[in-house]
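Coordinate-derived values only; no laboratory data. Nothing here was measured: the structure is a model prediction, and the numbers come from that model. Positions of Cβ are generated from backbone atoms using ideal geometry, with glycine treated the same way; all protein chains shown enter the neighbour counts.
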Amino acid sequence: MQYETEEQQVEALKEWWAENGRAVIIGIVLGALLVGAWMWWKGSQEKKAVAASDNFSQTMEALQSGDSSKIAELASAAKDDHAGTLYSAYTSLAAARAAVEAGDLDEAAKQLQWAVDNAELDEVSMVARVRLARVKAAQGDAAAGLAVLPSSYADVFTHLIEEARGDLHVVAGDNAAARTAYQAAIDSGRAPDPGALQMKFNELATVGGKS
C-alpha cells in the first residue's frame, strides 16, 4: 500500500501496532518474563526483582486504562531504579506503545531506542528495533528506519524484520527492494498472516516506483 501523506503513515503505524503489537512479542516477552522472574527471585536480587515486577504490573494496568502520564512515570522509574532487570525494557516497550497511540512519535522513538540499547535479551532488543524502524518511517524518515533494521538475525525473526523492511521500502518508493523483502518474509514460512503478506507483494506488481 502506498502512503500519500505523513498522516496516512501514522495511521498505518497505529493500525499495525494494534493488530500486531501483542502478537509479535507475547511469546518472546512473556516467556522471557517468566524465566527472568524466576532468575531474579533467586539470591540477593529478590527484593529488586519484586519491585521491578510490581512496576511492570502497574505499567500494564496503566496501559489498559489509557493512563499515559502514569505509564511515562513508571517507565522513567524503571530506567532509574530497575535498569538491570528484564522488566525495564518491557516497560519501555509499553510506554512506546502508549506514545504511539497518543500520537507522540518522538516519545515513542525515545522509549524504543532505550530498549534497543539496554534490553538484556537480544530477542527483546530485536522487537524494539522493528518497532523503532516503523516509528521513524511514520515520522517521515524511512531511510533512518531502514538503517535501524539489522542485516543479520535469527531465522525466527525473518518474517518480522523483512516485512517491516518491505513496508519501509514502499514508503521510500523503492518497490523492487520492497518485493525482495516481502518475498524473504513469505519464504520464511513464519508470517502470522501469509495471505496479507502475499497481497502486499502482489500489489507492488501494479504500481510504479523504483525497479
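Of the residues Ser88, Ser125, the one with the fewest other Cβ atoms within 10 Å heads the list, and the complete ranking is Ser125, Ser88.
A simple spin-label model places pseudo-atoms 7 Å from Cα toward Cβ; at Asn202 and Gln183 they are separated by 1.8 nm. Stretched out straight at 0.36 nm per residue, the stretch from Ala147 to Asp122 would grow longer than its current Cα-Cα span by 7.2 nm.
With R₀ set to 22 Å, the beta-carbon distance separating Lys70 from Asp106 gives a calculated FRET efficiency near 0.70.
Ellipsoid semi-axes for region 149-204, based on the Cα gyration tensor and the rule √(5λ), read 16, 14, 7 Å when sorted largest first.
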